[in-house]
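All remarks here apply to the structure that follows.
The values are calculated or read from the model by the stated rules, or taken from the named source; none is laboratory data. None of the values given here were measured: they were computed from a predicted structure. Note that we place each Cβ from the backbone using ideal geometry, even for glycine, and neighbour counts take in every protein chain shown. For the accessible areas, the whole protein counts, side chains as well, though only heavy atoms, and no ligand, DNA or RNA atoms are used. Shrake-Rupley method; radii C 1.70, N 1.55, O 1.52, S 1.80 Å.
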Amino acid sequence: MIGVFDSGFGGLTILKDIRRLLPEYDYMYLGDNARTPYGTRSFDVVYAYTLEAVSYLFSHGCSLIVLACNTASAKALRTIQQNDLARLVPLFPDGLPQKRVLGIIRPTVEAVGALTRTGHIGVLATQGTVDSLSYPLEIKKINPDIVVSQQACPMWVPLVENAEFDLPGADYFVDKYLRQLLAQDPLIDTVLLGCTHYPLLVNKIRSSLDTLTRDNGQPVSVLTQGDIVARSLKDYLFRHPEIESSCTKGGSCLYLTTESEQKFRCSASVFMDEDIDVHHIDL
C-alpha cells in the first residue's frame, strides 16, 4: 500500500487529491489524532512521533509513505530519510532503501516559483512550520531571488476541525492573518497555504485577498497543496518503477487513527465526501 500520514485530519485533503489522480492504488491513511496538534511541539517530539508512525506503516505493508503534514515534513522527514530508512527497511543491491518516505514541502516549493510575477511570496502555516523556516529555505535553494514572508495562523486549524470554517465567524480570523501577512510585504502576489487544513478556508481566503488588494490592482494567487502533491507522486512513481511495482493496485483505502474511531469518523466528515471505515491503533 501507499501510506499517507498526518498528525490529524488535514492530510485527508492531500489523500483526496492523490486518490482522485491515482485511484488504482491501495492506500493506508494514519492520523495521529490522539497527539495532535504537532504544530506547537518541538523538533525532537515531532521527529519521534513521526518515526513511530512511519515504522508502523512500513511494518503493516506500506512500501511508500507520504508525510501529508507540513510540520512532520519540516521537522522529521530529512532525519528519517538520512538516519532511519537504512535501519528500518532492506536495501536494494545499489544500496538504496526498498521503501521510501516523501514529504509535501519540496514539491510545493518546486511549483510555487513558476506562479509569482513580482517574485514576492507569502506563506500561511502553523507556528511550527513557520518556526522551522522550511519554506523560505527550500524556496531560496531553487529560486534565490524570491522574497518570502511568513504568517502563522493559529486559529485556522481549530476553525476547520470544529466545522466553523464556512461560517461568518471565521471571517475575522481570515482577515486578521491576511492583513498581517500583506503588512509585511505589499508586493506579495502569490500565497501558499502551508497547512493541509487550510484548503477548507480557501474560498474565504480568496475573497478576503480580493478585498484587501482591490485598491492596489495587484491580484493575489492562492496555491493549495493537494493537486501539486498528487502530480508529484505520480511523477515519482513513473521515475521509480522499482517502487511503483511494489505498490498494490486494488483501489482500496484503509483509515487508521490513534484516537477513538467514532470521533475520527465524525471529524473526518468535514474533509471527506464519503463514509469511511476506520480502525483504532496504538503507536
In the chain, what percentage of the DSSP-assigned beta bridges are antiparallel, given to the nearest 5? 5
What Kirkwood hydrodynamic radius do you get for the range 47-200 when you take the inverse of the mean 1/r over all pairs of distinct Cα atoms, in Å? 17.1
Find the centroid of the Cα atoms in the range 26-68 and in the range 81-100, then give the distance between the two in whole Å. 18
Using a Förster distance of 45 Å, how high is the FRET efficiency between Ser59 and Gln218, based on the Cβ-Cβ distance and rounded to 0.05? 0.35
Ignoring ligands, DNA and RNA, please state the percent of accessible area on the range 1-101 from carbon and sulfur, probe 1.4 Å. 54
Lysines with Cα under 28 Å of Lys16, excluding same-chain neighbours fewer than 8 positions away: Lys75, Lys99, Lys204, Lys234, Lys249, Lys263
Less than 15 Å apart at the alpha-carbon level, and either on another chain or at least 8 residues along: which aspartates and glutamates does that give for Lys141? Glu110
Could you give the length gained on full extension between Tyr172 and Thr248, defined as 0.36 nm per residue of separation minus the Cα-Cα distance, in nm? 22.8 nm
Taking the alpha-carbon set of the chain, what are its Rg and Dmax in Å? 18.5, 61
Would you report the distance distribution of C-alpha pairs in the range 244-283 as whole percents per 5 angstrom bin, up to the bin with the largest distance? 5, 21, 24, 19, 14, 13, 4, 0
Based on the Cβ-Cβ distance of Ala163 and Ser207, what FRET efficiency does E = 1/(1 + (r/R0)^6) give at R0 = 22 Å, to the nearest 0.05? 0.70
Scaled radius of gyration (Cα, divided by 2.2 N^0.38 Å) that the range 187-283 gives: 1.50
Rounded to the nearest whole number, the Stokes-Einstein translational diffusion coefficient of the range 61-147 at 4 °C and 1.567 mPa s (Kirkwood radius, C-alpha pairs) in µm²/s is 90
Accessible surface of the range 168-272 [probe 1.4 Å, protein heavy atoms]: carbon and sulfur percent: 52
Theoretical FRET efficiency, 1/(1+(r/R0)^6), r = Cβ-Cβ of Phe43 and Arg265, R0 30 Å, to 0.05: 0.40
